[in-house]
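The values are calculated or read from the model by the stated rules, or taken from the named source; none is laboratory data. In this text, all values refer to a predicted model and were calculated from it rather than measured experimentally. Cβ placement follows ideal geometry from the backbone for every residue including glycine, while neighbour counts extend to all protein chains displayed.
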Amino acid sequence: MNTEAVSARVKSILVQPWGFWWLQMRRLVRIELRRNLFSRKAAWIYFLAFIPTAVILIHVLHDTHPASGLSLDTNVLAGIVQFYYIRLGVFFGCLGIFSRLVRGEMIERSLHFYLLSPVRREILLLAKFAAGSISALLLFGSAVIAAFAFLYAAYGTAGLDYVFHGPGLGQLGAYLLIVTLGCLGYGAVFLLLSMMFRNPMPAAMLVMGWEAINPVLPSLLQKISVASYLRHLMPITVPGEGVFALLTVETEPVAGWVACLGLLTLIVIVLAYSCFRIRRLEIRYTTE
Amino acid sequence: MTAMNDRIVFEDVSKFYGEVLGVNRVSLSIPSGVTTLVGPNGSGKTTLMNLMTGLVQPSSGQISVFGLPPGDADRFFRQVGYSTQFDSFPRRLTGWEFLLDSLLLHGMSEGEAFRLAGEALERVRLGDAGSRRIETYSKGMRQKIRLAQAIAHHPRVLVLDEPLNGLDPMARAESLALFQELSRQGMHLVISSHILDEVDRISDRVILITGGYIVAEGAIHQVRREVRDKPMQVLIRCDKPELLASRMFSANHCAEARLHVDGKGVFLRTGDIDEFYRLLNEIAVEGLVKIDTVAPADDDTHAIYQYLIGSEGIPS
């Protein structure tokens, strides 16, 4: 490609109505957030997100907390993030949120209103993804923060010391990063699956199975997994024993930044393919 | 090219749903005014409208509205409003919220969206119900709020799939008056409706479709004249209908004569309309019969539908 062609290409990109698209995106996100967070259907996702927090709150209120128990409870919290949030809570929560964004509106027969508005379909898809991600992050992020706060508050001074003068805040940051990447990764996958299949649940179960067998797959295939990347970001590794072994992903060790970059690349690829698919999406409610 | 930029154009468009034919090799060029799509259930009317607005993609061929393809959503849907047949809405929204959400996606300010939403609600006479949730609306009110959403942003093309369904006679008359007003303002209206008698009054042209094929299109009178194998019926108001009928029957192109119930006119059916009018002029000049009015009696959408599509089904 010669310089003139590159220059023309750059100019054509710059003249696009980016400001208008950004405005539409913000407004779409606002509409979608309202639907995602304030509907009866969201109740079970609230339940999924906050059930560990409720369990920890009961533990805090009911049990005694000698300083010696801090290390054990830290491991319990790491286990909750590793075994519950990554493999179950965020997985099924994102399945609920993201599969509703397009397929849910097809079933409710209301998607055509968006497709008849002056919004590029790629903008619509990315806005829905952003709104789904924000919803999932608000729920699961606040649940993890609340669980963390309850757990260490119960230890009084020792807990505060662990959080503010020890590794506590770093661990919280890592958990939030894991939950964020988990929501984005599973969100992108389930958004795509919901456009590909009328009932995305069987495909989601296949994804779960894929994640479970990921450790025995060749190195290249291990990279097509959300949980395997998240595993490398855990600040504390809890060995999976018994039934928890099924929820543990053991893959080749990689650096944290490589895991983040790998997962973000996976998300971008999945979203790019979703944008391609939504351009060809047809409204045929009778087949739903 | 300029002429094409002021029209809705289908270029050899076909649509197949798997192996099922939606529409086949449709070529149309629709100017401004009211165009009625007429055909039996499953004939391809909704498919044609969905193709026009990009809700389904053509298997082959191209569609453009004012030169814009439906894929260019940014610009296309500023020009086009579509009131679909789908009787469903985003949940838990009031009429106001529904219109505001829709208008805000056009990129306008909240104040402007508020103004246009109010104007649209007034135009469809739904002002008071705007603050109620759409779930509580009657079928007719839901039809109106869909219409309000389609016209709120002042599009130049309005596509209406069965817009009179569910409306009471008063609301139907109001809607038809609104369509006429929009047409007078230079808008393109494409309407499918099974209430042919009412739509017929405001239609400038008709597109007849059956089995996915366009069987006729054009101005209603022009289409009727092209249906040459079906005798045309003309009502002549005069003082001596019996005499006129006997004179007309002397010409062999006259197929049928029937007296009007009030005895002051006669329906005549002829296979050669040009010869018929020539003979009628002769009779008028002779002065034997005093002719008051002459009007086509089957020169409407309903008659054309009956002739071309016949008993295939009730138009919808």
### Task
For B:ARG7, indicate whether it is more than 24 Å from A:ARG284 (Cβ to Cβ) and touching a strand residue (DSSP E or B) at 6+ places or on another chain (Cβ under 9 Å).
yes
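List the helices (runs of 4 or more DSSP H) that sit entirely inside region B:162-267 and contain at least 2 residues that are among the hydroxyl-bearing types (Ser, Thr, Tyr).
Working: elements: B:169-184, B:196-202, B:220-226, B:241-249.
So the answer is B:169-184.
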### Test result for B:MET248, buried (at least 19 other Cβ atoms within 10 Å of the Cβ) and free of Cβ contacts under 8 Å to residues at least 60 places away in the same chain
yes
## Note on the structure
Cβ pairs under 7 Å, 6+ apart or interchain, first in region A:24-42 and more than 20 Å from B:PHE77 (Cα to Cα), second crowded, with 19+ Cβ neighbours inside 10 Å and of a type in the set (Ser, Thr, Tyr), ordered by first then second residue, are A:LEU33/A:SER135; A:ASN36/A:SER135; A:LEU37/A:SER135
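Among the residues of region A:36-56, is any farther than 28 Å from A:MET205 by Cα, of a type outside the set (Lys, Arg) and buried (at least 17 other Cβ atoms within 10 Å of the Cβ)? Break it down stepwise before answering.
Taking region A:36-56 and keeping what is farther than 28 Å from A:MET205 by Cα, we get A:56.
Checking the rest, the ones that are also of a type outside the set (Lys, Arg) come to A:56.
Pick out the ones that are also buried (at least 17 other Cβ atoms within 10 Å of the Cβ) and you get A:56.
Yes: one or more hits.
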### Task
Look at B:VAL215 and say whether it is closer than 29 Å to B:ILE309 by Cα, assigned by TED's automatic domain parsing to the domain that holds B:GLN79, buried (at least 21 other Cβ atoms within 10 Å of the Cβ) and modelled with pLDDT under 90.
no
### Message
Among the residues of region A:106-124, are any touching a residue at least 12 places away in the same chain (Cβ under 8 Å), away from chain B (no Cβ under 13 Å) and assigned to a helix (DSSP H, G or I)?
### Response
no
#### Entry: Members of region B:118-157 found to be under 17 Å from B:GLN79 (Cα atoms) and assigned to a helix (DSSP H, G or I), listed by number
B:ALA120, B:ARG146, B:LEU147, B:ALA148, B:GLN149, B:ALA150, B:ILE151
### Query
Among the candidates A:ALA149, A:ALA158, which residue alone is part of a helix (DSSP H, G or I), in contact (Cβ under 8 Å) with a residue 60 or more places away in the chain and not acidic (Asp, Glu)?
A:ALA158
### Test result for A:LEU138, under 14 Å from the mean Cα position of the chain (by Cα) and either at the interface with another protein chain (Cβ under 7 Å from one of its Cβ atoms) or in a helix (DSSP H, G or I) (or both)
yes
### Query
Among the residues of region B:111-124 satisfying the criterion of being over 25 Å from the mean Cα position of the chain (by Cα) and free of Cβ contacts under 8 Å to residues at least 24 places away in the same chain, which is nearest to the other protein chains (Cβ to nearest Cβ)?
B:ALA113
